[in-house]
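Participant: After the structure tokens below, expect a handful of questions from me.
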Amino acid sequence: MAQLHKYSGAGNDFVVLDGRTEDVSAFRDPSRIAELCDRERGFAAADGRIGADGLMILTADADYDFRMEFYNPDGSGGMMCGNGGRCIVAFADALGIRPADGRVYRFVAADGAHTGEILARAGDCKTVRIRMIDVKTFYPALDGWFVDTGTRHFVRFVPDAEAVDVEAEGRAARWDPVFASVGANANFVSVDPDGTLRVRTFEKGVEGETLACGTGITAAAIAFCLESSGQAAESSRRAAGNYFSDKFAEKPISAPLSAACPVRENGSETALPAPLCGIRYEIQARIARLAVEFRLGEDCFTDVYLTGPADEIR
């Protein structure tokens, strides 16, 4: 019988299995996944936490150090999980898998190839930096932005993320007809006085708020770059109480914005600022702090990295 492990990435927790040598096909069954992730009767971790925000299986791949399979609690898959990506890198390290190049893991997930690097260790907690896919699909939607970071996300800027009824507003956005038929995760973002982005996320598949969402945090950072470039829809500015003044635009961006490059995705046109040097944002999730870095390409966001904690729960 395959051994079940529990990992937490910034509070986003997962049941994790090693599928390289054992038959784990039963754990791909949606009913089995739902059973393990159930918050009342699911898998019990050593620290007493029951259930999970998802299930992951690490498998072998001839062209990469390993392959990552991710499933939501409802059994749906086919998308990337940023916090899960950091956790599965930490899991690979714990299993004794070593990167082929001696330092940086190369792994493949549902959305394509990624890299992962362990930057620091402190007991069962590791600080992990993963490279996300290039972000090519983004456009104004509703009163915010749609951004695909390997998972579909809606980002709305608000004066105070802590004051938002995420369960109600997130569910409404997640099921909004504009995102049909697949739907989208819903993120609510505000800016702290020091420029930190504060993010809360309603995740589809979980169908509720989670303590963190890595692909959502990445989407929030990219949407903020678009918002503070001066190219954002006026409706988003009004919804956020005009929080995106020049002082916020200057803080995280290390060079002035120049000419914009028009981009058309899914029939909607927005503008991406011309290439700059790297941009970095600090992100505060519910219980942990993370960082997102990226560069601006000609028509996409590239060199996208997500850094944060990955804890083994035992």
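Participant: Given the residues G216, G208, which is the only one that is within 30 Å of R39 (Cβ to Cβ), within 14 Å of the chain's Cα centre (by Cα) and either modelled with pLDDT of 95 or more or crowded, with 24+ Cβ neighbours inside 10 Å (or both)?
Facilitator: One residue alone meets the criteria, G216.
Participant: With β-branched (V, I, T) and touching a Gly at 6+ places or on another chain (Cβ under 7 Å) as the only criterion, which of V147, V178, V199 stands out?
Facilitator: Among V147, V178, V199, only V199 is β-branched (V, I, T) and touching a Gly at 6+ places or on another chain (Cβ under 7 Å).
Participant: Residues of the range 1-26 being among the hydrophobic types (A, V, I, L, M, F, W, C) and under 16 Å from the mean Cα position of the chain (by Cα), which ones?
Facilitator: Listed by number, the residues that qualify are A10, F14.
Participant: Just checking, which of M79, M68 is part of a loop (DSSP other than H, G, I, E, B) and aliphatic (A, V, I, L, M)?
Facilitator: Every option except M79 fails the conditions.
Participant: Related question: Could you check the range 70-88 and list, in sequence order, the residues that are more than 15 Å from the chain's Cα centre (by Cα) and surrounded by 19 or more Cβ atoms within 10 Å (Cβ to Cβ)?
Facilitator: P73
Participant: So T21 ticks every box in (1) part of a loop (DSSP other than H, G, I, E, B); (2) touching a residue at least 40 places away in the same chain (Cβ under 8 Å); (3) surrounded by fewer than 17 Cβ atoms within 10 Å (Cβ to Cβ) but one. Which box is left unticked?
Facilitator: All conditions pass for T21, except number (2).
Participant: So, M56, is that one in a loop (DSSP other than H, G, I, E, B) and touching a residue at least 12 places away in the same chain (Cβ under 8 Å) or not?
Facilitator: no
The values are calculated or read from the model by the stated rules, or taken from the named source; none is laboratory data. Computed from a predicted structure; not experimentally measured. All Cβ positions, glycine included, derive from the backbone under ideal geometry; neighbour counts span all protein chains shown.
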